[in-house]
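Worksheet for the structure shown next.
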Amino acid sequence: MLGKLATYLRMCGYDTAYAMDGDGGDPGDEALLHRVSEEHRVLLTRDISLAEQAPRSVLVAGRTPLDQLRELESVGFIISLGEFPARCSACNGVIDVLEDGDSVPEYAPELSETTLWRCRDCGQVYWRGSHWRDVESRLNES
């Protein structure tokens, strides 16, 4: 329901669990509410009845990720990219900086050209390139 929003929140450094991540499919409301409670998370949802059942929730009305981000900003979320990525936008894993001697995939720039980071969990490599600048520009739109 809010997969693109989850991606943006991860890029903003939030530890963002997404119900549809993994191979299990939709976990169902009870399992989702249990996870929210056990992990002390804020539930973001477009489902009114689900929001009412969660200990902490934000009912999201916007249809586009940018509208949804503005809603979250209005209730206190800080929506901006940090100096470097902290979370993997794909899997929510923690990101580490790559050092000289670390392997770099062919699709990424050389370590001598820019700083690179890698997700501890899925191995995705990140750098502050055109995609980063595009997202930063979208987040800065009024």
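So here's what we get for this one:
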| item | result |
| --- | --- |
| Neighbour-limited loop hits for chymotrypsin sites (Phe, Trp or Tyr not before Pro), region 56-142 (at most 10 other Cβ within 10 Å; DSSP other than H, G, I, E, B) | Tyr107 |
| Residue-by-residue Karplus 3J(HN,Hα) for region 61-66, coefficients 6.51, -1.76, 1.60, Hz, glycine and proline x | 9, x, 9, 9, x, 5 |
| Table column - 3J(HN,Hα) (Hz), region 47-56, Karplus curve with 6.51, -1.76, 1.60, x for Gly and Pro | 8, 4, 5, 5, 4, 5, 8, 7, x, 9 |
| Candidates per GluC sites (Glu not before Pro) in region 5-95, loop by DSSP, up to 14 other Cβ within 10 Å | Glu39, Glu83 |
| DSSP-assigned coil residues among trypsin sites (Lys or Arg not before Pro) in region 1-93, each with at most 15 further Cβ atoms within 10 Å | Arg46, Arg56, Arg63 |
| Antiparallel DSSP beta bridges within the chain, percent to nearest 5 | 65 |
| Shape of region 1-65, Cα gyration tensor, a/c cut at 1.5 | rounded |
| Principal-axis tilt of helix 130-140 within the chain, Cα atoms, nearest 10 degrees | 40 |
| Label zone at Glu83 (point 7 Å along Cα-to-Cβ), backbone N below 16 Å, region 99-120 | 115-117 |
| Overall dimensions of region 81-142 by Cα: Rg and Dmax, Å | 12.1, 42 |
| Ascending count of other beta-carbon atoms within 10 Å, so fewest first, for Ile79, Ile95 | Ile79, Ile95 |
| P(r) histogram, all alpha-carbon pairs of the chain included - 5 Å bins from 0, percent | 2, 9, 17, 20, 18, 14, 10, 6, 3, 1, 0 |
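The numbers here are math on the coordinates, done by the rules we state, and not lab data. Quick caveat, the model's predicted, so the values are computed rather than measured. Don't worry about glycine lacking a Cβ; one is built from the backbone with ideal geometry, like all the others, and counts go over all protein chains shown.
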